[in-house]
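Notes follow once the structure below has been shown.
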Amino acid sequence: MDMASKKDVLQLIQQNISFILVGTTHPGNIGAAARAMKNMGIHQMGLVSPKEFPHEKAFFRAKAATDVLEKAVIYKSLKEAISETKLVIGTSARNRKVPWPIVSPSEAAEEIVSFSKTSEDKTAVVFGREDRGLTNEELGLCNLHVHIPSSDEYPSLNLSQAIQIIAYEIRLKALSHEGKLKKQEWDVPLAENAEIEKLIEHFDELMQEVEFYKTDNPRQLLRRVRRFFKRSKLDHIEANVFRGVFAAIQKKLKR
Ligand code: SAH
C-alpha cells in the first residue's frame, strides 16, 4: 500500500489538483472561479499574468472563497505554472487544426482522480482567456484536452461556468471513488411483493364493489392499476394505509 492510498480522495484532490487560469481579463471571473472551485473542494489556484489582480471585484465575487484567492499563486507563464505538474489537462471551446487527444469532462475527471488517488503528484487543469481561450502553444503543453460538449451555435461558456462544470465532475468522481455517493435511505422498509399483490387484489375487489368496472373486460384497466402499484415503490406503512382505507370503504358500504 502506498502512502497516498491511506488518504481520503477528497483530501488528495484538495492538495494535488490546481486550476490554472491563463491571462484572465475580468477580475470578477477570477473571484467566481475561486468560489466554483471551493464549492467542489478544489483549493489550489494558479494565475498566469492576470490582467487585474488582486482586485476588489475578484474578492467580491469570491464570497466565502477569498482564502482561495489569498493563496492563489501568480506566474509569468503557463510553462512556469506547470513545471512541477505531471498531468496537465487543457480546456478548449473549439477544435484546433492539429487535434490532440480530447476527452469529455467526465473522462477528464476520471483521469485526474485516478491519478491523484494513486500518487501524490500534482495535476492541473488549464483554462484560457475570456476572448481567445488558450493559444496553440499553451494547448501544446497539455497532455490531454477537455471539451465541454456545448452547442455548436454558441460553444464558449463563461470562464467560471466552465470551471464549475469541470470542478463538479472531479468532485463527483472523487465521491464515487470514495464510495460516498450514497443512495438515499428511506425511513420505512419497502413493501414486499406479497403485500403489493394483496393490495392490488384488495383494490380490484373494491372497484368491483363500487361497480367501477364491468367484469367482462377489465384486463386493460387492471394492468394499468397493477403497473401503477408496481412502479410506486410503496413502503410498508404506505401499503398498510391503502389497505386500511380500502377496508374502511368496504365496511361503510356493507352497512
Ligand atoms: N473564444 C474562446 C473561448 C474562451 S472561453 C475560444 O474560442 O477558445 C474562456 C475559457 O473557458 C476557455 O479558454 C476554456 O478554458 C473555458 N471554456 C469555455 N467553453 C468551454 C468548452 N465548451 N469546453 C471547455 N472549456 C471551455
Whole-percent carbon and sulfur share, accessible surface of the chain, 1.4 Å: 52 percent
Nearest 0.05, what FRET efficiency do THR135 and GLN184 give at R0 = 45 Å with Cβ-Cβ as r? 0.45
Using packing as a proxy for protection, rank 26-33, 230-237, 149-156 so that the peptide with the highest average count of other Cβ atoms within 10 Å comes first. 26-33, 230-237, 149-156
Normalise the Debye intensity by I(0) for region 152-207, one equal point scatterer per Cα, no solvent, then take log10 at q = 0.17, 0.26 Å⁻¹ and round to two decimals. -0.75, -0.98
Computed over the chain: relative contact order in percent, which uses C-alpha pairs under 8 Å that are six or more apart: 21 percent
With the other protein chains left in place, how much accessible area per residue, in square angstrom, belongs to region 17-153 at a 1.4 angstrom probe? 51 Å²
Which of LYS38/LYS180; LYS7/LYS38; LYS57/LYS183 have a Cα-Cα distance over 30 Å? LYS57/LYS183
Grab region 193-254 and count how many Lys pairs have their alpha-carbon atoms under 23 Å apart, sequence gap of 8 or more, or different chains. 9
For region 10-71, what relative contact order do you get, as a whole percent, if you take Cα pairs closer than 8 Å and at least 6 residues apart? 43 percent
Residues in region 130-154 that a label on ASN95 would reach, taking backbone N under 17 Å of a point 7 Å out along Cα→Cβ: 145-154
Sum -39500 (n - 2.57) across every DSSP H segment of at least 4 residues in the chain, then divide by the residue count to get the 222 nm mean residue ellipticity, nearest 500. -15000 deg cm²/dmol
Rg [Å, one decimal], Dmax [Å, integer] - region 3-177, C-alpha atoms: 14.9, 47
Just order 177-190, 201-214, 102-115, 76-89 by mean Cβ neighbour count inside 10 Å, highest at the front, would you? 102-115, 76-89, 201-214, 177-190
Ratio of the Cα radius of gyration of region 127-255 to 2.2 N^0.38 Å, where N counts its residues: 2.01
Could you check the spin-label model distance between SER49 and ASN240? Points 7 Å from the Cα along Cα→Cβ, value in nm. 7.2 nm
For region 193-254, alpha-carbon Rg over 2.2 N^0.38 Å: 1.12
Calculate the length of the line joining the C-alpha centroid of region 31-85 to that of region 178-255, in whole Å. 56 Å
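The values are calculated or read from the model by the stated rules, or taken from the named source; none is laboratory data. Since this is a predicted model, take the numbers as computed values, not measurements. Ideal geometry is used to build each Cβ from the backbone, glycine not excepted, and the neighbour counts take in all protein chains shown. Surface areas here come from the heavy atoms of the whole protein model, side chains and all, with no ligands, DNA or RNA. Shrake-Rupley method; radii C 1.70, N 1.55, O 1.52, S 1.80 Å.
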